[in-house]
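Q: Sharing a structure with you now.
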Amino acid sequence: MLMRSHRLNLCLAALTLALITPVTGLAQQTAAPKAGVTPANPRTARFGVWDNATNPNNVMTYGPYETDGSKLTVSNPSNPAADWSYVTLFDGVFRPVTGQTGAETAVEIINDKSIRISNKRNGVVTQVVINTLSDDNNQIMNEYIRFDKDGKITGVTHVTYNRRK
């Protein structure tokens, strides 16, 4: 039990560091990729359709937006009226979420495999998502960190998405 608690504390510390570390453009991309890791352009590597590994009613579709941006649409095949979407230029600027009243999202590049997605509701950041591509670029692992109105972490969950073939 102590080992599990220690491991959780290390994970939370790493996530907290990722949340507060500033990102300046693509400066962090200059390092060579690790052996066996397929390099990815973080602006385009997610283009395509992604199925939630445990929930068939949660599908992400990434596509191009303007010159260097991306549009994400989250859909529910059982209820198309529940679809929502946002666009990003990966500049950390909050933009409105279509289909969610009072919601805004900002996206920043962490490195060639990871992006940080910050979600606001009614002007307050309520969630940060660390979205990481697998080495082969065919899975997305999302770590969802939820916050209360005072910025205290209230929960962390994990979801895996598989690239649709």
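Q: Taking region 97-118 as the region of interest, how many residues are over 19 Å from Pro42 (Cα atoms) and either assigned to a loop (DSSP other than H, G, I, E, B) or out of contact with any Phe, Trp or Tyr (no Cβ under 7 Å at 6 or more places or on another chain) (or both)? Spell out how you get there, then give the answer.
A: The initial filter retains those residues of region 97-118 that are over 19 Å from Pro42 (Cα atoms), namely 97-104.
Adding the requirement that they be either assigned to a loop (DSSP other than H, G, I, E, B) or out of contact with any Phe, Trp or Tyr (no Cβ under 7 Å at 6 or more places or on another chain) (or both) leaves 97, 99-103.
Going through region 97-118 one residue at a time, the tally reaches 6.
Q: Also: Return the residues of region 56-88 that are assigned to a loop (DSSP other than H, G, I, E, B) and either buried (at least 16 other Cβ atoms within 10 Å of the Cβ) or without any contact (Cβ under 8 Å) to a residue 24 or more places away in the chain (or both); say none if nothing qualifies.
A: Within region 56-88, Pro56, Asn57, Asn58, Glu66, Thr67, Asn76, Pro77, Ser78, Asn79, Asp83 qualify.
Q: Can you name every residue in region 96-110 that is touching a Pro at 6+ places or on another chain (Cβ under 6 Å) and over 13 Å from Ser70 (Cβ atoms)?
A: Glu104
Q: Only strands (runs of 3 or more DSSP E) wholly contained in region 120-165 count here; list those with 3 or more residues that are within 23 Å of Pro42 (Cα to Cα) and of a type in the set (S, T, N, Q).
A: Once the strands (runs of 3 or more DSSP E) in region 120-165 are filtered for at least 3 residues that are within 23 Å of Pro42 (Cα to Cα) and of a type in the set (S, T, N, Q), what remains is 124-133, 153-163.
The rows are residues; the columns are (1) of a type in the set (Gly, Ala, Ser); (2) farther than 21 Å from Tyr144 by Cβ; (3) within 13 Å of the chain's Cα centre (by Cα).
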{"position": "Pro39", "(1), (2), (3)": "no, yes, no"}
{"position": "Arg43", "(1), (2), (3)": "no, yes, yes"}
{"position": "Met60", "(1), (2), (3)": "no, no, yes"}
{"position": "Leu72", "(1), (2), (3)": "no, no, yes"}
{"position": "Ala81", "(1), (2), (3)": "yes, yes, no"}
{"position": "Thr98", "(1), (2), (3)": "no, no, no"}
{"position": "Ile115", "(1), (2), (3)": "no, no, yes"}
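Table: residues versus (1) β-branched (Val, Ile, Thr); (2) out of contact with any helix residue (DSSP H, G or I) (no Cβ under 7 Å at 6 or more places or on another chain); (3) under 20 Å from Asn138 (Cα atoms).
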position: Pro42; (1), (2), (3): no, yes, yes
position: Ala45; (1), (2), (3): no, yes, yes
position: Pro64; (1), (2), (3): no, yes, yes
position: Ser70; (1), (2), (3): no, yes, yes
position: Pro80; (1), (2), (3): no, yes, no
position: Ser85; (1), (2), (3): no, yes, no
position: Val93; (1), (2), (3): yes, yes, no
position: Ala106; (1), (2), (3): no, yes, no
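Q: Same structure again: If the requirement is being without any contact (Cβ under 8 Å) to a residue 40 or more places away in the chain, touching a Ser or Thr at 6+ places or on another chain (Cβ under 8 Å) and closer than 24 Å to Thr54 by Cβ, which of these qualifies: Thr132, Thr154?
A: The match here is Thr132.
Q: From the residues in region 140-165 that are over 17 Å from Ile130 (Cα atoms) and in contact with a strand residue (DSSP E or B) (Cβ under 9 Å, 6 or more places away or on another chain), which one is surrounded by the most Cβ atoms within 10 Å (Cβ to Cβ)?
A: Filtering region 140-165 for residues that are over 17 Å from Ile130 (Cα atoms) and in contact with a strand residue (DSSP E or B) (Cβ under 9 Å, 6 or more places away or on another chain), the one surrounded by the most Cβ atoms within 10 Å (Cβ to Cβ) comes out as Arg163.
Rule-based calculations on the coordinates, nothing more; no lab input. Note that the coordinates shown come from a computational prediction; the quantities given were computed from them, not determined experimentally. No Cβ is skipped: glycine too gets one built from the backbone with ideal geometry, and neighbour counts run over all protein chains shown.
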